[in-house]
Amino acid sequence: MATVRYIVHDVDQAVAFYREKLGFRLQQQFGPNMAILERDGLTLWVAGPNASASRPMPDGRKPEPGGWNRFVLQVDDLPALVADLRQRGVRFRNDIVTGPGGQQILCEDPSGNVVELFQPA
């Protein structure tokens, strides 16, 4: 099983997004600081501003959400899912891209972290 940690602005908002929009199951939540979610063998830790993972590094850099690293969720009908998520207010960084391996698109959680939705060819 793989585990990914995302730094988020608001843990409750992140939990709602991943549960309601992407079908994750909440395993455990530690108030506003951190939550553990799971889907298809992927464990996702979302860490809020007061979580230990959000503390500044020795050189002063502070972990923050966003960027381009991401995990991939494989789906069965990408166009239908994208249409549904758009209607529910999910932000996307691009339109569906088709390549030799299939189709993909990048959506963002409420903190700007990227999730790739992928449908194999």
In this structure, does D40 turn out to be charged (D, E, K, R) and surrounded by 13 or more Cβ atoms within 10 Å (Cβ to Cβ)?
no
On the basis of being among the β-branched types (V, I, T), crowded, with 17+ Cβ neighbours inside 10 Å, assigned to a helix (DSSP H, G or I) and in contact (Cβ under 8 Å) with a residue 12 or more places away in the chain, does V46 make the cut?
no
Selection within segment 66-75 - out of contact with any Lys or Arg (no Cβ under 9 Å at 6 or more places or on another chain) and either closer than 19 Å to E20 by Cβ or in contact (Cβ under 8 Å) with a residue 60 or more places away in the chain (or both)
F71, V75
Would you point out the residue of segment 2-37, among those that are of a type outside the set (S, T, Y) and either at positive phi or in contact with a Phe, Trp or Tyr (Cβ under 6 Å, 6 or more places away or on another chain) (or both), that is surrounded by the fewest Cβ atoms within 10 Å (Cβ to Cβ)?
G31
Cross-chain or 6+ apart pairs with Cβ under 6 Å, segment 1-23 first and under 11 Å from N33 (Cα atoms), then among the aliphatic types (A, V, I, L, M) and modelled with pLDDT of 95 or more:
I7/A47; V8/A14; V8/V46; V11/A35; V11/V46
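The values are calculated or read from the model by the stated rules, or taken from the named source; none is laboratory data. This one's a predicted model, so the numbers in the text were calculated from it and none came from an experiment. FYI the Cβ positions are ideal-geometry reconstructions off the backbone, even for glycines, and counts take in every protein chain you see.
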